[in-house]
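The values are calculated or read from the model by the stated rules, or taken from the named source; none is laboratory data. Keep in mind that what you see is a predicted model, and the values were worked out from it rather than measured. Please note: Cβ atoms are built from the backbone with ideal geometry, for glycine as well, and neighbour counts cover all protein chains shown.
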Amino acid sequence: MEATGFAVAIMAAGKGTRLKSKRPKVLHEVGGQALLLHVIAAARTLVSAEEIYCIVGHEAERVQSAVAFTNVNFVPQQEQRGTGHAMQTLKAWFNNSSRRLPQHLLVLSGDVPLIRPETLSSLCEMHIRERAAMTILTAIPPDPTGYGRVLRSTSEPIEVEAIVEQKALQPGRYEPEINSGIYCFETEALFSNLDKLSTDNAHGEFYLTDVAAMLVAEGRRVVALKADGVDEVLGANTIAEMMHLDQAMRADVARRLMAQGVTIFRPDTCVIDAEVTIGADTVIEPYVQILGATRIGSDCRIRSFSVIQQSVLGNSVTVRNGCILDGADVGDGAVLGPYAHLRPESNIGPAAHVGNFCETKKVTLGRGSKANHLTYLGDAVIGEGVNVGAGVITCNYDGVHKHTTTIGDGAFVGSDSTLVAPISIGEGAYVAAGSCITHPVPPGALALARSQQVTKEGWAAARKAARAAKRP
Ligand code: UD1
Ligand code: CA
């Protein structure tokens, strides 16, 4: 939906004292993405980036540079004196700018990341339908401790009386309905009350929540919408809360993927980021992590303890146990691992094999080529149908520069060979096992670069006899 007449303000200036972290709260991640980016993404479903005002303060530069690509506006709140002060700052910013005040303001909290676009549009709709001055999004969670509470009125037509912060609740009074920290305001009604806020409260801060009772006192309409889900309105103030939300978000991702035909044996043990896509009939075994914008095709099998990040896998790929992929591109039918390490720019061709304890980096391994055991392949262009023997190493680094190794189609590189780059092995050439190759090998040639073997017949018996003769 498009929310006509609305702008969105996101409060993201707080430090997040309860996290006890050096990182600003809104840059902490759930589901593999910063809290603030989740909130901006939800806001973007309603309005354009130009209509989003992000209030930043604590480590503002760091926060701004992390989300600058979204093109939202930034409003600096130098000192963070509470959510009410965040809105006072926004008001002052508008007064000093030539921008026209939006008729309505949807206010979001930078630390409530699971909010669904559908819920936000219901909130905006209700706000307009009810001609309200303020519309509060609420929920009734199993444990409301720590949240502000929405006090509903029993005397019609007043719907909401006030929002009371946890610390101001009368002792023993149980109020189950929490304030999510997400509201719609008629901008004029909000801005005209901000000057009346005081810091006369437990935190010594300007509370935005106090505006509710002020509007009611003016005879303005304040209403509340209860969200369908509870998790979507929960805040992330502590690491424990953050991890609860992370789990909830990943459970959603796993459910979505399973609905698309992916088998995930033990979703509770897997860490799968929200951007990940996986084709039908792919099987994910327990204890797998799939991160970033990774794309995995159909009919793949990802075995336990593999960590796949920012990679693209075709169809019918087998990733055996314990593989690490970062920035890899893997063709259809390839087989990896167990315990393979594919570093950035590893392009593994269709039906190629990268086996036990093999490391690749900036490498092209052609169709059907195999490096099955104990190998390092870095800065190499390897053709099709190449056999790379056990223990082969491309010596790509001379201590100053990186150099390239080229291996032609159908070449056979014997075990335990070292290929000192820059070097090329021609098509169909053979490198004898144990060779240290420093000169180019032409196509079809055999290169042997190891010392001649010396064999001494009967040496062991002769030695034994010589030692026996010496004994007293
Ligand atoms: C706030 C609400 C509480 C509600 C809860 C929901 C108030 C007074 N209380 O409490 O009723 O139940 O959210 O999650 O509003 N921020 C600024 N500038 C500031 C202070 C805060 O931008 O000066 C930002 C924070 O970065 C955060 C958001 O506002 O993203 C909420 O602030 P926080 O301190 O977390 O408020 P709560 O104590 O959670
Ligand atoms: Ca909070």
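A few points about this structure:
- Scoring Ala43 on the criteria (1) more than 14 Å from the chain's Cα centre (by Cα); (2) closer than 27 Å to Gln309 by Cα leaves a single failure, condition (2).
- Tally, over the stretch 375-390, of residues that are under 31 Å from the mean Cα position of the chain (by Cα) and assigned to a loop (DSSP other than H, G, I, E, B): 1
Table: residues versus (1) within 16 Å of ligand 2 (Cβ to nearest atom); (2) at pLDDT 95 or above; (3) farther than 22 Å from Asp273 by Cβ; (4) surrounded by fewer than 18 Cβ atoms within 10 Å (Cβ to Cβ).
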| residue | (1), (2), (3), (4) |
| --- | --- |
| Met214 | no, yes, yes, no |
| Gly219 | no, yes, yes, yes |
| Asp228 | no, no, yes, yes |
| Gly235 | yes, no, no, no |
| Ile239 | yes, yes, no, yes |
| Met249 | no, no, no, no |
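- In the stretch 442-449 there is at least one residue that is of a type outside the set (Lys, Arg), more than 19 Å from Arg343 (Cβ to Cβ) and in a strand (DSSP E or B).
- Any hit, the stretch 136-148, residues being part of a loop (DSSP other than H, G, I, E, B), free of Cβ contacts under 8 Å to residues at least 40 places away in the same chain and in contact with a strand residue (DSSP E or B) (Cβ under 7 Å, 6 or more places away or on another chain): yes
So that you can scan it fast, the table gives a plain yes or no per residue for (1) away from ligand 2 (no atom under 16 Å from the Cβ); (2) closer than 30 Å to Phe6 by Cβ; (3) among the small types (Gly, Ala, Ser); (4) at pLDDT below 95:
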position: Leu169; (1), (2), (3), (4): yes, no, no, yes
position: Gly172; (1), (2), (3), (4): yes, no, yes, yes
position: Asn179; (1), (2), (3), (4): no, yes, no, no
position: Cys184; (1), (2), (3), (4): yes, yes, no, no
position: Leu194; (1), (2), (3), (4): yes, yes, no, no
position: Tyr207; (1), (2), (3), (4): no, yes, no, no
position: Arg255; (1), (2), (3), (4): yes, no, no, no
position: Met258; (1), (2), (3), (4): yes, no, no, no
position: Ile264; (1), (2), (3), (4): yes, no, no, no
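- Test: residue in the stretch 328-350 that is touching a Leu at 6+ places or on another chain (Cβ under 9 Å) and on the phi > 0 side of the Ramachandran plot: no
- There is no residue in the stretch 280-297 that is farther than 21 Å from Leu37 by Cβ, among the polar types (S, T, N, Q) and either surrounded by fewer than 16 Cβ atoms within 10 Å (Cβ to Cβ) or at pLDDT below 95 (or both).
- Hey, Ala168 assigned by TED's automatic domain parsing to the domain that holds Met87, touching a residue at least 12 places away in the same chain (Cβ under 8 Å) and over 33 Å from the mean Cα position of the chain (by Cα) or not: yes
- Residue that is surrounded by the fewest Cβ atoms within 10 Å (Cβ to Cβ) [pool: residues in the stretch 71-89 that are touching a strand residue (DSSP E or B) at 6+ places or on another chain (Cβ under 7 Å) and over 20 Å from Ser180 (Cα atoms)]: Pro76
- Top-ranked residue of the stretch 90-122 - restricted to ones that are within 17 Å of Ala132 (Cβ to Cβ) and part of a helix (DSSP H, G or I), ranked as farthest from ligand 1 (Cβ to nearest atom): Ser121
- Close pairs (9 angstrom Cβ cut-off, 6 or more residues apart or separate chains): closer than 16 Å to Ala380 by Cβ in the stretch 330-343, of a type in the set (Phe, Trp, Tyr) and part of a loop (DSSP other than H, G, I, E, B) anywhere: Ala340/Phe357; His341/Phe357
- Checked against the criteria, Thr187 does not count as under 28 Å from Ala41 (Cα atoms) and touching a Cys at 6+ places or on another chain (Cβ under 6 Å).
- So Gly16, is it closer than 23 Å to Leu225 by Cα and within 16 Å of ligand 1 (Cβ to nearest atom): no
One line per residue, one yes/no per condition, for (1) modelled with pLDDT under 95; (2) more than 23 Å from the chain's Cα centre (by Cα); (3) within 16 Å of ligand 2 (Cβ to nearest atom):
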| position | (1), (2), (3) |
| --- | --- |
| Val67 | no, no, no |
| Thr83 | no, yes, yes |
| Gln88 | no, yes, no |
| Arg99 | yes, yes, no |
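- Contact map, the stretch 93-116: first residue in the same structural domain as Arg23 (by TED's automatic domain parsing), second residue acidic (Asp, Glu) and within 16 Å of ligand 1 (Cβ to nearest atom), Cβ cut-off under 6 Å, separation 6 or more or different chains; pairs are Leu114/Asp231; Leu114/Glu232; Ile115/Glu232; Arg116/Glu232.
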